[in-house]
Amino acid sequence: MSNMEKHLFNLKFAAKELSRSAKKCDKEEKAEKAKIKKAIQKGNMEVARIHAENAIRQKNQAVNFLRMSARVDAVAARVQTAVTMGKVTKSMAGVVKSMDATLKTMNLEKISALMDKFEHQFETLDVQTQQMEDTMSSTTTLTTPQNQVDMLLQEMADEAGLDLNMELPQERYYTLETLNTPEC
């Protein structure tokens, strides 16, 4: 923990302590007001006046503690900003050093060749993936009877109260020769 961070901790602690003191004064002010009521009920105006003075003093002291707490908080926020900026600056300096070292070792010709090879392999993968998807699609179509699919669609539409308005095609049987025709 750096010296600045220690000061930041102490400032935050002081601000909390001042805030607690303000709450304590508020509590004491309320107690004094209760004593004022009791003294008035007993008809003892001199004692009521003393408690009134105490209540006002406690209220003023609470306000002063809150004001000091707010000021210390503001200072702590500025110190926090300074600590954070110091860490960011240190990190950025490390990144700059690393980038310098990386840039010195970069061979643009090798990177370009590697990128070209990657692009070529990626295009090959696209072609193979498309071929696999086409094969899987035609295999799935062959194994699922079309009339069962149409009947299930009609059944679901009837349950939902919808009209599909579709003509059910005649049952088709596919062979390998008919799959290679443009119609399919």
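The values are calculated or read from the model by the stated rules, or taken from the named source; none is laboratory data. From a predicted model like this one, the values you see are computed outputs, not experimental measurements. Here Cβ is always computed from backbone atoms with ideal geometry, including for glycine, and neighbour counts include all displayed protein chains. Heavy atoms of the whole protein, side chains included, go into the accessibility calculation; ligands, DNA and RNA do not. Shrake-Rupley method; radii C 1.70, N 1.55, O 1.52, S 1.80 Å.
Using the Kirkwood formula over every pair of different C-alpha atoms, what hydrodynamic radius in Å results for region 1-55?
For region 1-55, the Kirkwood estimate is 13.4 Å.
Arrange the peptides 77-90, 10-23 so that the one whose residues have, on average, the most other Cβ atoms within 10 Å appears first.
Order by mean packing, descending: 10-23, 77-90.
Using Cα positions and a limit of under 16 Å, work out the lysines in reach of Lys33, with same-chain residues fewer than 8 apart set aside.
By straight Cα distance, Lys33 reaches Lys23, Lys24, Lys42, Lys59.
Across 5 Å bins from 0, what is the distribution of all Cα-Cα pair distances for region 84-142, in whole percents?
Histogram of Cα-Cα distances, whole percents per bin: 4, 15, 9, 10, 9, 9, 9, 9, 8, 7, 6, 4, 2, 0.
At 0.692 mPa s and 37 °C, plugging the Kirkwood radius over alpha-carbon pairs of region 1-123 into Stokes-Einstein gives what diffusion coefficient in µm²/s?
D, rounded to a whole number, is 163 µm²/s.
Per the 1.4 Å probe, what fraction of the accessible area of region 1-145, in percent, lies on carbon and sulfur atoms?
So the carbon and sulfur contribution to the accessible surface is 62 percent.
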